[in-house]
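As structure tokens, the structure follows; a few thoughts come after it.
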Amino acid sequence: MDKEQQYRRVFRHLDKNGDGKISASELQICIGKIGEELSMEEAEIVAELIDSDGDGLLSFEDLVSVVESANEEEKVNDLKMAFRMYEEVEGCGCITPKSLRRMLSKLGESRTVEECKLMIAKFDLDDNGILDFYEFQDMMLT
């Protein structure tokens with residue numbers, strides 16, 4: 001089953017009345033089933049925030065958009081944790097050739113500082129010899 005089929009299956013499950021939209025009350029029921037509480041007012045606010053066409057109801061596309069953005073946020077958080085592991089060695093908020101070498105060494109990869117400089121140079125957009133988080137993110141997502 002591919003990702004879109006999974007999304008459609010979840011959407012059909014949430015869309016209790018089968019009208020092709022998820023209402024605030026359907027959203028409230030769904031949240032209740034996973035053990036969380038959401039008042040009707042809160043459900044209406046959530047629906048309004050997610051709704052892309054202004055009808056107060058969530059379409060399939062709205063659901064996919066929310067799930068995908070949550071997945072992206074999770075990826076960014078994971079990258080931030082990984083970045084901190086690399087930069088923690090130097091504590092400067094960046095990855096230097098030395099901190100990269102040390103971290104790779106901890107991971108069982110033996111590299112020289114020169115090799116690490118070359119690795120960094122590929123993604124060092126501002127040519128300062130180090131990687132900031134955004135350069136690291138670009139490196140990890142390509």
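The values are calculated or read from the model by the stated rules, or taken from the named source; none is laboratory data. Because the structure is predicted, anything quoted here is derived from the model rather than measured. Glycine also receives a Cβ, built like all others from the backbone with ideal geometry; neighbour counts cover every protein chain displayed.
Quick rundown of the values:
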quantity	calculated
Selected residue (only one of Glu61, Glu68 is modelled with pLDDT of 85 or more and surrounded by fewer than 13 Cβ atoms within 10 Å (Cβ to Cβ))	Glu61
When residues of the stretch 43-57 are limited to those that are touching a helix residue (DSSP H, G or I) at 6+ places or on another chain (Cβ under 8 Å) and within 19 Å of Ala70 (Cβ to Cβ), the one surrounded by the most Cβ atoms within 10 Å (Cβ to Cβ)	Ala47
Looking only at the stretch 91-129, and only at residues there that are free of Cβ contacts under 8 Å to residues at least 12 places away in the same chain and under 15 Å from Met140 (Cα atoms), the one that is surrounded by the fewest Cβ atoms within 10 Å (Cβ to Cβ)	Ala121
Pairs, first without any contact (Cβ under 8 Å) to a residue 24 or more places away in the chain in the stretch 72-87, second assigned to a helix (DSSP H, G or I), C-beta under 7 Å, six or more apart	Met85/Met103; Glu87/Ser99
Lone unmet requirement of (1) closer than 30 Å to Thr142 by Cα; (2) without any contact (Cβ under 8 Å) to a residue 40 or more places away in the chain; (3) part of a helix (DSSP H, G or I); (4) hydrophobic (A, V, I, L, M, F, W, C) for Met1	(3)
Lone qualifier among Met139, Met85 - being surrounded by fewer than 16 Cβ atoms within 10 Å (Cβ to Cβ), modelled with pLDDT under 90 and out of contact with any His (no Cβ under 7 Å at 6 or more places or on another chain)	Met85
